[in-house]
Structures are given as C-alpha cells and as structure tokens.
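The values are calculated or read from the model by the stated rules, or taken from the named source; none is laboratory data. Bear in mind that the values here come from a model prediction, so they are computed numbers and not experimental data. Please note: Cβ atoms are built from the backbone with ideal geometry, for glycine as well, and neighbour counts cover all protein chains shown.
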Amino acid sequence: MLPVTAQALTLVKSDIEYAQNHYLVEFEVVIDAPFEAVRARMTDYAHLDQLSPLVTQSRVLETFADNRQRLELIMRACVLFFCKTVKRVTDVTLENNGNIVTHALPELSDFFQADERWRITPEQARTRIQYRAELVPRFFVPPLIGPAILKYKLHSELETLAERLEHTLGQ
C-alpha cells in the first residue's frame with residue numbers, strides 16, 4: 001500500500017499481488033472532480049483511449065438488450081526496448097448500484113481472465129474511485145523481472161487515469 005498525495009489527488013491504496021501468472025490489483029483514489037462528470041467519462045467506452053496512454057483503440061462492438069456492452073480495447077505498452085500490443089474484448093455492465101463491472105472474453109482476448117470492478121462514489125465535491133481486478137495474461141511475462149515490471153506499469157496506468165480525470169474534469 002502506497003499512501004501518496006499529488007496535488008488534489010489522494011492515492012488511498014495501491015496493491016498488486018502476483019502468483020503463478022495471476023495478478024490481483026486493488027487501487028483506490030480520491031480525485032478533485034465531480035462525481036457525475038467522472039461517471040460519465042468512465043462510461044464513455046468509445047473514448048477510453050483519451051483517459052489512458054496505453055489504450056490505442058477503444059470501441060463499442062455491440063450493445064445488448066440488457067444494457068451490457070461489448071468493447072474492444074487495443075493496448076500498447078513498452079518497457080525498455082520491448083513493446084507489446086494486447087487485445088481485450090470485454091463485456092461491460094453498469095450495475096444498478098453504479099458499479100462498472102467488466103469480464104473479458106478469453107477466446108477473443110490476450111487474457112485467460114480479465115475481470116474488473118470499478119466503484120465510483122461521490123465524496124462531497126470530490127469522487128472516490130475504487131478498482132479491483134483479477135488478470136491472467138495469455139502472453140508471456142518473463143518470470144524474473146516481468147511481474148515487477150507489470151506491477152509498475154499497472155500502478156502507473158491507474159495513477160495516470162486518475163490524474164487525467166482530475167485534470168480534465170476537476171473544479
């Protein structure tokens with residue numbers, strides 16, 4: 001856990017566990033931006049590439065009768081001289097309580113498992129974002145340094161997303 005404050009953004013929790021190619025990610029941040037604007041931005045699935053430097057393409061493939069949406073995300077990450085493009089096709093559900101839940105389709109993705117839960121809640125004039133994910137990549141992660149690098153990239157990516165939300169939506 002790394003409690004840090006950067007400007008108005010308050011990082012409450014950042015924890016990434018790794019065991020046998022399985023990553024459990026927990027991240028919690030409070031940002032200086034209004035709840036409704038944050039929720040609207042986080043559910044603008046066709047433009048997630050504007051929130052994340054890793055996402056090179058984000059598009060809605062299908063909308064189902066139950067309001068679930070199928071998304072395709074193309075992500076590109078580089079570490080030193082090694083770059084990897086990863087595809088994830090995921091079904092996204094906006095639950096009645098406002099949580100955003102995603103479930104990747106392994107047969108169409110570079111992940112055996114990629115399940116996420118975003119909880120976005122108002123906190124006076126600020127917004128709390130809680131994130132939890134279980135990720136099992138289909139691609140090779142070098143066993144000695146790979147998990148440490150992937151942990152760093154995941155943490156950095158989540159922090160950048162929060163900073164971009166706050167910067168573009170902040171009061």
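Some values worked out for this structure:
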item: Pairs, first on the phi > 0 side of the Ramachandran plot in the range 16-33, second assigned to a strand (DSSP E or B) and buried (at least 17 other Cβ atoms within 10 Å of the Cβ), C-beta under 7 Å, six or more apart; result: Asn21/Pro137
item: In the range 80-97, the residues that are closer than 21 Å to Leu51 by Cβ and modelled with pLDDT under 90; result: Cys83, Lys84
item: Test for Cys78: is it touching a Lys or Arg at 6+ places or on another chain (Cβ under 7 Å), under 22 Å from Ile16 (Cα atoms), part of a strand (DSSP E or B) and not basic (Lys, Arg); result: no
item: Output for the range 102-112, where each listed residue is surrounded by fewer than 17 Cβ atoms within 10 Å (Cβ to Cβ) and not in a loop (DSSP other than H, G, I, E, B); result: His103, Pro106, Glu107, Leu108, Phe112
item: Subset tally (residues that are surrounded by 14 or more Cβ atoms within 10 Å (Cβ to Cβ) and not β-branched (Val, Ile, Thr)) for the range 13-44; result: 16
item: The one condition in (1) farther than 24 Å from Ala37 by Cα; (2) in a strand (DSSP E or B) that Ser58 fails to fulfil; result: (1)
item: Some residue of the range 113-130 being surrounded by 14 or more Cβ atoms within 10 Å (Cβ to Cβ), within 16 Å of the chain's Cα centre (by Cα), under 13 Å from Arg88 (Cβ atoms) and modelled with pLDDT under 95; result: no
